[in-house]
Each structure stands twice: as C-alpha cells, then as structure tokens.
Amino acid sequence: MKKIFAILLVFFVFAVPSFSQTIKMAESKNYRVYSEISEENALFIATAMDEFFNLYNRYFHFDESNLKSKLQIRIFQSKEGFDNYLSPIIPETSSSYVFLQYKNTQKSELVIYVIDDIEKMTKALVHHGFVQFIKTFIPGPPLWIQKGFAIYFEKSLYNDEDNTAMFRNNLDWAVTLKKYIAADKKDPLNPKMFTLPELLTIDTSTANKNINVFYAESWGLVSFLINAKYQEYNRILWDSISAMKPGALKSENELAVITTAFKWIDNSTFLTDFYFYAESVKTFNELVKDGIKAYSDGSFDEAERIFITAMLLKENNYVPYYYLGLINYARKDYSMAEYYYQSTIEMGGNPDLTYYALGVNSYANNNSEDAVFYLSKVGSGEYFSKSTELLNSMSGDIEETLGKSPETQSKSSK
C-alpha cells in the first residue's frame, strides 16, 4: 500500500562513509549547502529545503527578491565535527542544531550534523530551518512567532517523488498544553502559564527557564490563530506577520505586533476561546480511544471519521487501519475490509490477529480459497487455535461464526 504521506529518508546518503573531509558545496534556488558527505548530499538537501522554504512562505509571504544572498547550511558527518566547528564561536556545547546569525547576512548559516534517527533529524532540520528562514527576513521576530511556527511545522515531510514539502500537523505539545490549562483553571491564583502580554514579549532567558510551558503555549497560540473558526483570530496572525519589519529590533517588532494585531481584543474572551480550542484538539491516542468507543457502540460512520482523522496524524500506525477493516467487515464491504486488513499488516500490525481477520472476512465473502490461504498463515497462539477451529468447521455450518466480527469472535471464545 502506498503511504498517505511519502516519508523520504532525506539523508539516505549519510549511510555512505566519507573517506575525505573535503567540503562539498551545492546550490538550489534559495540555498547554498556545504556538506562533509558529498556533493550529491549537499544538492539533495538544498533541493529539499527549497520546498520547505516554499511551505514556510505560504504563511508569511515574504518577498524573495529581498534576499541579499542564499540561505546557507553546513552539514557535519558527526557531532564531534559539529562541536569542533562551533567551539571557537559559541561558549557552550549545543545539543541541538545552531543558526549562527550575523549582521552581515551572507555570513549567517545553519549548522547541523548527522543523527542516526532519520525521523528525528528531519524534524530538527525542519524546525531549525524555519528559524533560519524567519530570521533571514526578520532578524528580530517575537519569540512566540519564531518558536511557535518552528514547532508547528516540524512534523512536515518531504516527498521526493514529486519534490514537494507537505505539511503534517504536529500535536506533540497538545497534551502538555491541556495539562497546564487544567492546572490554571483549578488553581488560578498560582498560574503555570504565561499571561498573554508575557507570552507576546517573552525573552529567551525566561522562555528557557520555563521551556515546557513556553513551547506548549507558543505552539498552541500559533495553532489557534491559524485554525480558529472565527476569522478575526485568523486576522490577528496575518496582521502580526505584516507588522514585523526587517530593520526593527525584537522589542520593536513585539510592540508593533501588540499595537497592530492584539490591541483591540478582549483579553478574557480571547483566553476563553483559546482554552476551548486547545482542549478540543485531539491527539492520536485520544482519537483512537474515541474511535474504539464509537465502533463498540455501533456508530460506524462516526468511528470511520475518527479513525481516518487519526490515520492522517500517524499514517504509519496500524491501529486505524485495523479498525477500519472491522468497520467495513461489519458493513459487509468485504473488499474494503480486506484492503484495510492488508494495510494493517504492512504497517506492522499483529499478523496472527490480522490474518485471522482476513480469513473470516474472505469466508464471509464466500471466498473459501482465500479464507484457507489466510487462516493457514496464522502461526501460533490464540489466533492459531481459532483459525484451526474455523478451518475445521468450514465444511459444516458456520453461520453463527460468520455473524460476528473477528474481534467479537476473539472475545466470545475466551
């Protein structure tokens, strides 16, 4: 099955050992990349980052003609090389990628290194790539815009098949934000969260001392302003972006954003709507829980909607596919049920359970040949016994067996 989002192993050439420390360089429309690995690697990253640049700029609409030079990225094959390069420039060893910002923008560069976990590395590059993007156009942005959007974008993916960067929603901080909101509602005299004026003008030191609150709240504010159903909140974000000026200091841009975009809001109403939005955001685990309940209640249309939403959040997780198989089996749409069960196996689901479900599904569809094939693939354990029992009964009356979903059969036989 083809994935909903094609996840590119962006850094596949990193697996090739580098026998020379000669730095290779490649350029794309907006990027100049220096790589310890190879020229091919440098060109690949430059090409991919052009597409993330386009993704970022769909929201910000910066004039590319204002770029004085291409955005520069430097890639090291090891953390050691990364640290050695930065040690004369910054006093402390950094655990994350670093954007070196200079008044002379031609010297500015994003410095990164290879991480074995490709997904983690892609996430870090997208995050810090946005920081580089916004600071190239607006050297002094409000911190909530800089970090809020960096987190908002960081689950986005690059598809090498059609050379596009695709936005994927990042809900990693949703549960944390909900917890802080609940705590503040319970004990308003001892708030955990920043007030709105504090968040809009927060400095790096204060943010770092309260990093979990800041990350959750800045992500939440950006997500709320983008996705709120009321256009006046969407307008606040676009007015905030328009208010920032390249030549202004951070404090000046913060003041411009407040006076242009936030000055006219009712603070109490805004926070009520913000909290309601944050509490309504469903994470993958929450969606799965809701979907299972809807399925158990027989609300198949609602369960289907929920599991499809969950699938869009984690397209490689097998759970939504399996339950969509159960839903379509219950509807007697055996072809779709088979499709989702097969996808469950592709996504790493329990093969014995799923082959058993495929066998039951095939027999219900009057396809004894496929039923035997699938049931015979069940290897061991509980579902091996059930498959053997069903195989033995296939020549007799199995009307009662086929009247139940695979899940229900499993439970009723215990």
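The values are calculated or read from the model by the stated rules, or taken from the named source; none is laboratory data. As the structure is a computational prediction, the values presented were derived from the model and not from experiment. Glycine also receives a Cβ, built like all others from the backbone with ideal geometry; neighbour counts cover every protein chain displayed. Just so you know, the surface numbers come from the protein's heavy atoms only, side chains and all, with ligands and any DNA or RNA stripped out. Shrake-Rupley method; radii C 1.70, N 1.55, O 1.52, S 1.80 Å.
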Fluctuation leader among 246, 88, 141 - the chain, Gaussian network, Cα springs under 10 angstrom
88
Which whole-Hz ³J(HN,Hα) couplings does region 187-193 yield from phi under the Karplus relation 6.51 cos²θ - 1.76 cosθ + 1.60, θ = phi - 60°, glycine and proline marked x?
9, x, 7, 10, x, 8, 8
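Restricting the count to DSSP beta bridges whose residues both fall in the chain, what percent are antiparallel, rounded to a multiple of 5?
55
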Stokes-Einstein at 10 °C, 1.306 mPa s, Kirkwood radius from Cα pairs: D for region 241-295 in µm² s⁻¹?
110
Using only the Cα atoms of region 263-391, construct the convex hull and provide its projected area averaged over every direction, in square nanometres to one decimal.
9.9
Net charge of Cβ neighbours under 13 Å - reference residue 112; Lys, Arg +1; Asp, Glu -1:
+1
HN-Hα couplings for region 54-62 via Karplus (6.51, -1.76, 1.60; θ = phi - 60°), in whole Hz with x for Gly/Pro, come out as 5, 4, 4, 7, 5, 8, 9, 6, 6
Does anyone have the angle between helix 284-296 and the longest principal axis of the chain? Alpha-carbon axes, 0 to 90°, nearest 10?
30
Suppose every K and R has +1 on its Cβ and every D and E has -1 on its Cβ; what is the size of the dipole of region 294-387 about the Cα centre, in Debye to the nearest 20?
100
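Based only on the alpha carbon positions, what is the Kirkwood hydrodynamic radius of region 147-239, in angstrom?
Working: mean 1/r = 0.0682 Å⁻¹.
About 14.7 Å, per the Kirkwood formula over Cα pairs.
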Compute the acute angle (0 to 90°) between the alpha-carbon long axis of helix 334-346 and the principal axis of greatest extent of the alpha-carbon atoms of the chain; round to the nearest 10°.
60
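Counting alpha carbon pairs within less than 8 Å and at least 6 residues apart, what relative contact order, in whole percent, applies to the chain? List each step's numbers first, then the result.
Working: 586 pairs, mean separation 41.9, N = 414.
So the answer I get is 10 percent.
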Per residue, how much accessible area does the chain show when a 1.4 Å probe rolls over the protein heavy atoms, in square angstrom?
49
Taking 262-273, 349-360 and ranking on average Cβ neighbours within 10 Å, highest first, one gets 349-360, 262-273
What number of lysine-lysine pairs in region 19-140 show an alpha-carbon separation below 20 angstrom, given a sequence spacing of 8 or more or placement on distinct chains?
18
Using the alpha-carbon atoms, what tilt in degrees (0 to 90, nearest 10) does helix 318-330 show relative to the longest principal axis of the chain?
40
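Return the equivalent ellipsoid semi-axes of the chain as a descending list in whole Å, where each equals the square root of 5 times an eigenvalue of the C-alpha gyration tensor. Spell out each step's value before the answer.
Numbers: eigenvalues 447, 172, 60 Å².
One finds semi-axes of 47, 29, 17 Å for the chain.
For region 40-192, what number results from the quotient of the Cα radius of gyration and 2.2 N^0.38 Å? Mind showing how you got there, number by number?
Numbers: Rg = 17.3 Å, N = 153, 2.2 N^0.38 = 14.9 Å.
Relative to the 2.2 N^0.38 Å estimate, region 40-192 comes out at 1.16.
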Whole-Å distance, taken between Cα centres, linking region 232-253 and region 57-98
24
Around residue 74, which amide H atoms from residues at least 5 apart in sequence, or from another chain, sit under 5 Å from its own amide H, with H modelled in the peptide plane?
34, 110, 111, 112
